[in-house]
Amino acid sequence: MKIIKILLKLLPYETAYAHCDIPCGIYDPFMAQRAAHTIIRMTHLLSEIKQDDDLTSDHAIARITHVKEEHSNLLEEELETLRNDYFKEEHFKDYPTLNGLFTKTLKAAAKARQEINMEAAEEVLSGVLEISEIFFKAKNVKSVRVKSIYPTEREVILHE
């Protein structure tokens, strides 16, 4: 045991982060979908702000931007967890567009974070919905698109 402790001190290592430290098998695209809807909603709210009262509008812009960035970070974390921990090599073979879909969606998320860009925000949601459908197909579960209850009035992917 002492030898192992000595070796661990001598050898460089990096901490790895994952969904959890145990292969728990608990994966779900719900959080990514909710984050995508939030990005759309915050983008919409930012585009509606009137510059009448500088202090009030500056405060609103700061708060809404903060929420949009938090949900962009959450979305990226959730998508990377699905991509790196849930989806395996066989999934990427069965769904050859999946890796490109992750890349495209994550790039759109970066653009939606950097700008007040509804087109990018919509692209994020579209990609997340497609990824969600593939996720449920890979689990052999039937999915269904339904209108969300959110103010975005866009769809979400649920399973039956």
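Of all residues in the range 121-141 being assigned to a helix (DSSP H, G or I) and not hydrophobic (A, V, I, L, M, F, W, C), which is farthest from residue 71 (Cα to Cα)?
137
Find all pairs meeting these conditions: Cβ atoms under 7 angstrom apart; at least six residues apart or on different chains; first residue within the range 57-74 and more than 18 Å from residue 122 (Cβ to Cβ) and of a type in the set (Ser, Thr, Tyr); second residue modelled with pLDDT under 95 and not in a helix (DSSP H, G or I).
Here the result reads 57/49; 57/50; 57/51, each pair linking the range 57-74 to a residue that is modelled with pLDDT under 95 and not in a helix (DSSP H, G or I).
Just a yes or no: is a residue in the range 142-151 out of contact with any helix residue (DSSP H, G or I) (no Cβ under 7 Å at 6 or more places or on another chain) and assigned to a helix (DSSP H, G or I)?
no
When the range 89-100 is examined, which residues are found to be loosely packed, with under 13 Cβ neighbours inside 10 Å and either closer than 19 Å to residue 32 by Cα or of a type in the set (Val, Ile, Thr) (or both)?
Once the filter is applied, which keeps residues that are loosely packed, with under 13 Cβ neighbours inside 10 Å and either closer than 19 Å to residue 32 by Cα or of a type in the set (Val, Ile, Thr) (or both), the range 89-100 yields 97, 100.
Across the range 113-124, what is the total count of residues that are over 12 Å from the mean Cα position of the chain (by Cα) and aliphatic (A, V, I, L, M)?
3
For residues that are aromatic (Phe, Trp, Tyr) and either modelled with pLDDT under 95 or assigned to a loop (DSSP other than H, G, I, E, B) (or both), scanning just the range 7-44, find the one that is surrounded by the fewest Cβ atoms within 10 Å (Cβ to Cβ).
Across the range 7-44, the extreme among qualifying residues is 13.
Could you please find all residues in the range 88-105 being outside any loop (DSSP other than H, G, I, E, B), under 23 Å from residue 25 (Cβ atoms) and either in contact with a Phe, Trp or Tyr (Cβ under 7 Å, 6 or more places away or on another chain) or not charged (D, E, K, R) (or both)?
Selection gives 91, 92, 98, 99, 101, 102.
The values are calculated or read from the model by the stated rules, or taken from the named source; none is laboratory data. Computed from a prediction, not measured in an experiment: that's the story for all the values here. In this analysis, Cβ positions are derived from the backbone assuming ideal geometry, glycine residues included, and neighbour counts consider all displayed protein chains.
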